[in-house]
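What follows is calculated from the coordinates using simple rules that are stated; it is not laboratory data. All of these numbers come straight from a predicted model, not from anything done at the bench. Every residue, glycine as well, gets a Cβ built from its backbone with ideal geometry; the counts of neighbours run over all protein chains shown.
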Amino acid sequence: MARYILQKAGQMLITLLLIVFIVFIMFELIPGNPARIMLGMNASQEQITALELELGINEPLPLKIKNYFAGLIQGDLGRSIRFDKPVGELIGAAAPTTFSLAIYAFILIIVLSVPLALLAARKQGSFFDNSIRFVTETTLAIPPFFMAIILMLIFRTTQLGLSSGQGNLASPGFLRQFLMPALAIALSRVAMAMEFLRDAIIEQKRMFYTRAAVGKGATKSRILFFHIFRNSLVPFVTVLGLILAEVFGGSIIIEQVFLLPGLGRLLVTAVEARDFPLTQGIIILIAIVVIVVNFLVDLINQFIDPRIRLSDVKSEKSNLWTQLSYKLKFRKDIKR
Amino acid sequence: MRFKRKDKNNQISFAPDVQRAYYRASSINKGAKIQFRIGFVLLAIPLVLFLINIFYRPYDTTSMNMSERFVTPDSKHWFGTDNYGRDIFTRVMSGLPLTIIISIGINLIGCSSGLLIGALSGYYGGTVDYWGNRISDALLSIPAILMGMLFVATFGNGIWQVIVALGIMFIPSYMRVIRSGFLEYRQRNFVKRLQLLGASSGRIIWRHLFPQIRTRLMSAIALGFANAILAESSLSFLGLGVPPSQITWGRMLKDAQGFLFQAPWSAIAPGLMIVTLVLGSFFISNGLKQISQQRSLA
Amino acid sequence: MAKHKKIMQKVLIILSLVLFLTACGKKDAEKDTKNTEQTDQIVSEDDAKKDDGSLEEQAEPQQGGSVIVGITQELDSLDPYLAAAAGTKEVIYNFFDGLVKLMPDGTFEPALAESFNFSDDATEFTFKIRTGVKFHNDTELTIDDVVYSLQRAAGMLPDSKAALIPQLAIIESVSGDAEAGTVTVKLKESDADFITYMTLAIIPQDYTEQAQKPIGTGPFIFTEYKTQQHLKMKRNADYWRDRTAYLDEVTFMIVSDADAAIMDLQEGNFDIFPYLTMDKAELLKDKYDFIAADSNMVQIWGLNNQRAPFDDPVVRKALNMAVDKQMLIDAVTFGEGRALESGMAPPMQDYYNADLASQYNPEEAKKMLEEAGYQDLKIEITVPGDYVIHVQTAEVLAAQLEQIGVTAEVKTVDWGTWLSDVYMGRNYDSTVIALTFDYVAPATVLRHYYSKSDNNFINFVNTEFDELYESALSETDHAKRVELYHQMQKILQDDAASVFLQNPGTQTAVIKTLGGYTTYPQYVQDMYTVYYK
């Protein structure tokens, strides 16, 4: 176990370093001078030079990387250029909104997909099964922002309460206020989660042990919940983990449509202003969440099905991937 | 050792169970056929519209007519007109080729690079696999929108920029599909035999392993095609898509966004087109997936 | 048989979905036609109200209440000298007073200075400072504070690297006379526009937290700022003018864009929302009054004068003749803009040369191009994609140019890229952009055509223009200055420096229960005058 965690932590560190480097290189390549962007068209050359000096923009790349990592080791993410505030403080202010929204959406996904999957899996290929699948596939085919807009138009929701920034799980009225954005995120993913659970249940139904249970005289609901459902959870949890990770990193558009003061909007502002420290900070946070969630999925899967050894997880996962990857990893990028 | 472990795993999730395979073979074929039919019907709708468009265009796609702006859908303008008085029906029809070209381009980049990295990772394993995974993890942890923004900031808005930025973000998903397929088959006895016979790695990969995962890959491509259309529209929504002089459905949705309350029809037409095309591709992908599952069981 | 049944079922589901969606669309469509029919009326009503300003004054201002103002830009530094974004300046305006105040009609009134006078050659300005004025932290305004403020803004403090406000770089010295209660500013060279810069916020000496918690003498006191969310301010009960502000509390809500906020506007959740377009007014007329305001923008289609084919004046002139500005204004700003013939806009008052005639004549333009040997001209228009108005303008231009056989490719780039590649690098064919003026100082706009300026991004070179520009800077006689600026505008038109498009108007939605919202020829959201009726 300890060795496994160590191994995982090593992988995580390498992935993070890669990400930091990718962002560094991208920021070297993109045109645009943060000082000029901040000061606008009417600024004089002297003003810009003075600000550049203050911000340390023109330092050579190796020095920049060195300085950044020196700060990072001490837990200092640097100072935002655009907002003139510490990056940690800005992320700290924006993260609760994104995290609350993601968790809310995640709960909605589970609450909606589990009963639907159970119903659909009752009889494969029935009218009920087909219509549920058709409707969920359709929600998948609607571009996410379009879905958000349709939801807004139908329910005539306003968002001022959201942007007032009182939005986190602890605040009163959160459930009602965040329902629309959470639903906009959840709806398309319900289809994914449902389909995997349904497929897994159908798979399990055909196993010999199910027949044995029937022969033993166990009741239908007992078979469903104690045998089939439990065994179907492994692929389902894996899917949920991927969805959760994706929701954390991918709420940019939903935040834009619903005026939410979250990480996604902050990221857009940061890139537009060529605010390197802020962009880097947000990306690191998102990456950590994605990686940690994946790690948790492994742990939970082992808990559900003790036959899975953690050291085997890699090969186990690759088998799951056979089924999951086309559905999921693809959609992952897109729903952002 | 490795061999043993794998057997155990197979037992956990997808035991090759004779009875199940028999049951499935009959039902899957039927299911796949229905999926294909619906898929092709849905894909045919925009395609027919485009073919009509080649021979007959009711209105010009670019010339503006201020006296006819925001006309509600009627017999003259089936889908109404937009904020410049251009006929939306005509624009929707002529928006198809670029939408599809972009989608194909994205998948071409994603699939070819994914194939290369995935095949090498899956076949050789070890260090190659380790670094392949780290790169794909890193790419997966970077939001696609960020990649789009950085690309557009560097190279400007354009068709190529959209294709390359999204193409890169599509690599990991293809890589995973192909890698897992190769992992599955490289342990099979026929590969061992080929290796003993002295066949080169390239030959084994290309002539023997690749055909095994072809259907699976096709299914992934059909899905990738649909997802690329969705991704392009998302990029366009944030103003990172193609420039305004080009017509794609994503671009049309973006333009309609500012007038959603005055002229909701200008968003509905391109929106419906996207849904039709994407849904069609989903169905075909599902059909292919069922066939590939059936094959790996047989 | 069963197979067919299943297909039928699926088809039915698709059909019902399609019907549902189209039905939704139709309902809205009907509503919309009704709206469009009434639009013309509404506009004329608005005009009537605008003309009769006294009507609004009659409503009795109520003391108290709070309002929510929607803004669409993230704030940057709250320090008045470091704030660069127009969106920040217009908000923090409420915390500060300047030595003079810009009035709605473009004139200047003494504010923290009781009076001021200046030497004939406009190199020495003397301000008599008001007494008994208190900062928000309860310290009294002194001569030293004023001297400190001016020195800090002009970059004259020991630790400063450059002028924080570039226009103030011409200050040579600032001296205070505590006994007489005056501050004297000496300039390196004469600048008749100098008084317009003296709207500069006066801040307390050696207070270092302006960026986090701004302190000034203004009618409102800063209370709270949360990034991406809101900025709150409360009434300054100790304000130095004869009355304090009417409102007790003002919240500036930061939203990502006006389109996203439209649902809240329809529900009346914002009290004031500036910079809307006319088409939004149709949707919101039930709950809001719309106040038209001049913008400080001169929208131009900038042609790179050093790049072929724009290095040929014939081409530039032909393009000028090809653009139907009124159609462009109808399409992009819904008729709420004024067509321009040169680089100055009507909000510049006297300096604006209104005598220049439109040159629209597409047939002649086509002929000119043909005669000069430009067949099948292909050009590129690079626009900053973040600004919808410029992108749309470029689209309309491209459609209009098609009429005279010119193919224009619209290319959008990110704003940061535009600034470095187009504006600084001058590496472009043509671009659509709005030149803005921070002060009602004509030189700030026309500087973009002065060949020795950093900001001459269209590479316009005209020695006559340069001479006029230089002499206008040192001219102190108002009438003569006006004449010089009128001549410069004439040159810009005659030489077809670029295609001058429009001075877009903006609409501010003000909820019907509010009154007193005032617009200025400069971007500010003045909450001092706003009250509940």
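Quick notes
- Sites C:Asp386 and A:Arg230 - FRET efficiency at Förster radius 60 Å, r taken between beta-carbons, to 0.05: 0.70
- Shown here are the Rg and Dmax of the Cα trace of the protein assembly as shown, at 32.5, 110 Å.
- Here region A:39-97 is described by how far its Cα atoms reach on the three principal axes: 38, 31, 12 Å, from widest to narrowest.
- Cα shape, chain B, gyration tensor, a/c 1.5 rule: prolate
- Cα radius of gyration and Dmax for region C:209-303 (Å): 17.0, 52
- Over 28 Å (Cα to Cα) - which of C:Lys280/C:Lys366; B:Lys76/C:Lys512; B:Lys33/B:Lys76; C:Lys101/C:Lys287; C:Lys226/C:Lys411; C:Lys161/C:Lys452 fall in this group: C:Lys280/C:Lys366; B:Lys76/C:Lys512; B:Lys33/B:Lys76; C:Lys101/C:Lys287; C:Lys226/C:Lys411
- Cβ-to-Cβ counts within 10 Å put A:Ile107, C:Ile262 in ascending order as A:Ile107, C:Ile262, the fewest first.
- Residues A:Met147, B:Met93 in ascending order of nearby Cβ atoms (within 10 Å, fewest first): A:Met147, B:Met93.
- Exposed-site-free run, longest, chain C (rule: GluC sites (Glu not before Pro); DSSP loop; at most 16 other C-beta within 10 Å): C:268-533
- Size of charge dipole - chain B - debye, nearest 20, with Cβ of Lys, Arg +1 and Asp, Glu -1, no other charges: 1860
- Between the C-alpha center of region B:91-146 and that of region C:369-427 there is a gap of 33 Å.
- Ranked A:Tyr68, C:Tyr517, criterion: other C-beta atoms within 10 Å, fewest first: A:Tyr68, C:Tyr517
- Cβ-derived FRET efficiency at R0 25 Å, A:Asn67 paired with C:Asp159, nearest 0.05: 0.65
- Dipole magnitude (debye, nearest 20) for chain C, charges at Cβ of Lys, Arg, Asp, Glu: 2160
- Calculated on the alpha-carbon coordinates, the convex hull of chain C measures out at 197 cubic angstrom per residue.
- The residues neighbouring A:Asn67, those whose beta-carbon lies less than 13 Å from its own, together hold a net charge of +1 under the Lys/Arg +1, Asp/Glu -1 convention.
- Net charge of neighbours whose Cβ lies under 12 Å from the Cβ of C:Asn503, counting Lys and Arg as +1 and Asp and Glu as -1: -1
- For region A:1-87, fraction of C-alpha pairs farther apart than 19 Å, in %: 53
- Directionally averaged shadow of region C:410-523, computed from the convex hull of its alpha-carbon atoms, nm²: 10.0
- Range of Cα positions in region C:300-366 per principal axis (Å), largest first: 34, 26, 20
- Set of region B:174-200 residues, backbone N closer than 18 Å to the point 7 Å along the Cα-Cβ line of B:Arg207: B:186, B:189-200
- Using only Cα coordinates, the Kirkwood hydrodynamic radius of region A:90-305 works out to 18.8 Å.
- Evaluated on region A:96-139, the Kirkwood hydrodynamic radius is 11.7 Å, with distances taken between all distinct Cα atoms.
- Under 16 Å from a label point set 7 Å out along the Cα-to-Cβ vector of C:Arg426, the amide N atoms of region C:285-317 belong to C:302-312.
- Viscosity 1.567 mPa s, 4 °C: Kirkwood-radius Stokes-Einstein D of region B:97-192 over Cα pairs, µm²/s: 91
- MRE, 222 nm, helices only [DSSP H, n ≥ 4, -39500 (n - 2.57), over chain B, to nearest 500]: -25000 deg cm²/dmol
- For region A:41-165, the fraction of alpha-carbon pairs in successive 5 Å shells from zero, as %: 2, 7, 8, 12, 12, 10, 9, 9, 9, 8, 5, 4, 2, 1, 0
- FRET efficiency for the C:Glu114 to A:Lys85 pair, using the beta carbon distance and R₀ = 51 Å, is estimated at 0.85.
- What you get for the protein assembly as shown, charging only the Cβ of Lys and Arg (+1) and of Asp and Glu (-1), is a dipole of about 12140 debye around the Cα centre.
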